[in-house]
Amino acid sequence: MKLCCFITAMLGIAASAQAQEPAPRLDLHGFGGWAYGKTNANNYLSGGPQGTYRRGSFALNLSAHLNGKLSIIGQTFWEQGEDGTSTEIDYAFAEWKFSDALKLRVGKVKQPFGIYTEVFDVGTVRPFLSLPQSIYGPVGTIAVGYQGIGLRGTRPFGRGWTLAYDVYAGGIQLEEYVAPFQYLRGDTIDVGLASESTRDLVGTRLVLSLPVEGLSVGGSAYSGIEGDPGATFRHSVIGAQVEYLADRLWLRAEYLHENKTGEGGGDGVYGETAYFLTRQWQLAARYEQLVTTRTGIGSSAAPSLLKHHEFAVGLNFWVAPEFVLKASYHGVTGNRLAGPDPDELSATIAAGTLNDRTRLIQLGAQFSF
Amino acid sequence: MKTPGVGFGTLGIALALALAPPLPVQAQEAIAVVVHPDNPLTTISREELRRLYLGTSTILPKGESVLLLESATVRERFYAAALGMSLARFKRHWIGVVFSGGSGTPPKEVGGLDDLRHFVATHRGAIAFLGAAEAGGTVKVLAVDGLRPDDPRYPLK
């Protein structure tokens with residue numbers, strides 16, 4: 001009898017606890033886009049000298065909110081380029097919410113670094129088809145996601161002040177366009193993009209929203225170990241960001257400094273602005289530059305291989321906040337990120353035909369739901 | 001040389017408008033913020049509303065997990081008054097929140113007023129906004145910054 005009462009009481013408590021919990025919910029979102037690009041010379045972003053139509057992408061984002069505390073969130077990304085279609089798991093993680101100020105995340109999580117890492121391929125939150133390459137390009141500084149464990153939260157301080165924080169530990173996989181280094185080292189250029197693992201990594205990001213509506217400032221940093229056993233080095237990156245988003249005007253700027261102990265480093269910076277002329281027409285402009293150094297590599301043979309300067313202007317037509325048509329013109333000086341096919345780099349330089357000025361026109365559409 | 005002038009047609013229209021009885025000035029109706037009747041909240045600040053509707057906070061001030069709802073008829077006015085944002089900017093903000101893997105969920109648009117009131121009345125964590133005259137008795141109307149919707153200083157108009 002006592003056992004029966006106990007079970008009934010426990011079921012009652014469980015039922016009343018369940019009644020106060022929100023019902024499980026499944027949310028499905030997605031985004032994608034397509035871009036055409038044509039350059040005067042070199043390959044850069046979605047463009048090549050012949051004009052490239054094949055660049056398209058699509059992602060599905062699924063989040064299951066099992067109760068008020070536990071969410072399971074994943075995103076798969078498909079991208080089609082000249083080399084075929086690639087599929088990636090952008091992230092797949094579990095989040096346990098203790099409170100808004102403290103959430104635990106475990107799994108493959110978007111790397112919280114700077115303004116754009118967590119919305120890397122989402123075209124409807126930015127003014128250009130592509131992100132600034134000096135920071136978000138294949139420069140080996142920011143990963144799509146980290147594998148590990150992290151804490152995040154927000155803490156309001158009243159009067160419009162809010163601090164958002166992330167701390168995390170684990171490992172990341174970085175992609176870098178290494179053909180210029182291979183050429184300058186005198187190595188065989190066997191690959192364009194190389195993938196490097198950074199392990200034993202710790203990182204953080206702090207973003208402070210100010211009482212001026214839409215204005216925030218922040219900083220990010222991480223440090224980990226990179227390289228093969230016996231030849232490891234510490235890879236550290238720090239960044240600073242400022243963002244102002246109003247109904248008509250968007251302003252964003254970021255700076256990033258990378259240091260690979262004994263190996264070199266780099267500095268990337270960009271400033272970006274966009275202005276809505278009407279509800280639908282938006283003008284955009286961006287300047288960015290990247291300077292890379294590598295120990296033991298002299299760039300005198302081809303100085304442009306370690307530099308990237310870019311100015312871009314764009315015109316967008318927002319059909320809806322979830323669907324935008326974009327056109328942009330990019331003027332690039334340097335071959336750090338814009339160049340011929342990697343297997344043609346040596347021959348192009350030897351023939352004296354490496355063009356260090358790339359002009360790119362991009363047209364495309366981006367959408368989300 | 002032809003000089004710009006005012007034609008008889010224009011003058012006639014101006015005269016007719018001047019002599020016509022004044023139209024009643026349509027005051028902007030207050031927008032009420034409503035919750036489940038059992039919700040212990042009685043007032044909410046604009047700062048708290050802002051954090052909830054931007055997804056910065058996912059818990060109501062008295063501890064319930066929030067379920068955000070919106071009424072299509074007054075949402076442009078609500079987001080302008082409560083958040084200082086256009087609807088387009090508000091939508092873009094939530095696109096960023098959703099794809100950065102946040103646990104917040106954007107406001108759910110509920111079609112008719114009856115459905116909206118019913119939804120709020122049957123979900124403890126629900127919060128919604130609608131024209132103050134349409135709130136009815138099945139949901140609890142919150143004061144905003146300590147002011148009721150019938151107060152001339154009420155901020156959501």
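The values are calculated or read from the model by the stated rules, or taken from the named source; none is laboratory data. All figures in this text were calculated on a predicted structure; none of them were measured in a lab. Cβ coordinates were reconstructed from backbone atoms using ideal geometry, including for glycine residues, and neighbour counts include every protein chain displayed.
Taking the criterion of being acidic (Asp, Glu) and either in contact (Cβ under 8 Å) with a residue 24 or more places away in the chain or at the interface with another protein chain (Cβ under 9 Å from one of its Cβ atoms) (or both), the only residue of the range B:69-103 that qualifies is B:70.
Checking residue A:144 against (1) touching a strand residue (DSSP E or B) at 6+ places or on another chain (Cβ under 6 Å); (2) at pLDDT 90 or above; (3) farther than 30 Å from residue A:303 by Cβ: exactly one of these is not met. Which one? If we test residue A:144 against (1) touching a strand residue (DSSP E or B) at 6+ places or on another chain (Cβ under 6 Å); (2) at pLDDT 90 or above; (3) farther than 30 Å from residue A:303 by Cβ, just (2) comes out false. The strands (runs of 3 or more DSSP E) falling completely within the range A:101-189 that include 2 or more residues that are out of contact with any Gly (no Cβ under 9 Å at 6 or more places or on another chain), in contact (Cβ under 8 Å) with a residue 24 or more places away in the chain and under 23 Å from residue A:242 (Cα atoms) map to A:145-158, A:161-177.
Any residue at all in the range A:207-217 that is under 13 Å from the mean Cα position of the chain (by Cα), on the phi < 0 side of the Ramachandran plot, surrounded by 20 or more Cβ atoms within 10 Å (Cβ to Cβ) and outside any helix (DSSP H, G or I)? Looking for residues that are under 13 Å from the mean Cα position of the chain (by Cα), on the phi < 0 side of the Ramachandran plot, surrounded by 20 or more Cβ atoms within 10 Å (Cβ to Cβ) and outside any helix (DSSP H, G or I), one finds none in the range A:207-217, hence no. Beta carbons closer than 7 Å, at least 6 apart along the sequence or on distinct chains, pair a first residue in the range A:36-50 that is over 19 Å from residue A:139 (Cβ atoms) with a second that is among the aromatic types (Phe, Trp, Tyr) for A:36/A:53. Restricting the range A:68-93 to residues that are within 11 Å of chain B (Cβ to nearest Cβ) and of a type in the set (A, V, I, L, M), the residue that is farthest from residue B:66 (Cα to Cα) is A:92. Which pairs turn up if I take residues in the range A:251-280 that are within 14 Å of another protein chain (Cβ to nearest Cβ) and among the polar types (S, T, N, Q) and look for partners that are in a strand (DSSP E or B) and surrounded by fewer than 18 Cβ atoms within 10 Å (Cβ to Cβ) with beta carbon separation below 7 Å, at least 6 apart in sequence or on another chain? Hits for this filter: A:280/A:317. Per the conditions (1) in contact with a helix residue (DSSP H, G or I) (Cβ under 9 Å, 6 or more places away or on another chain); (2) under 23 Å from residue A:319 (Cα atoms), the sole criterion not satisfied by residue B:77 is (1).
Okay, residues lined up against (1) farther than 25 Å from residue B:38 by Cα; (2) touching a Pro at 6+ places or on another chain (Cβ under 6 Å); (3) buried (at least 18 other Cβ atoms within 10 Å of the Cβ):
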site	(1), (2), (3)
B:64	no, no, yes
B:67	no, no, yes
B:76	yes, no, no
B:102	yes, no, yes
B:108	no, no, no
B:118	no, no, no
B:122	no, no, no
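Could you please find all residues in the range B:139-157 being in a loop (DSSP other than H, G, I, E, B) and at pLDDT 90 or above? B:139, B:145, B:146, B:148, B:149, B:150, B:151, B:152, B:153, B:154, B:155, B:156, listed by residue number.
Of the residues making up the range A:41-56, none is closer than 30 Å to residue A:130 by Cβ, within 14 Å of chain B (Cβ to nearest Cβ) and modelled with pLDDT of 90 or more. In the condition set (1) small (Gly, Ala, Ser); (2) surrounded by fewer than 20 Cβ atoms within 10 Å (Cβ to Cβ); (3) not in a helix (DSSP H, G or I), residue B:88 is compliant with all but (3).
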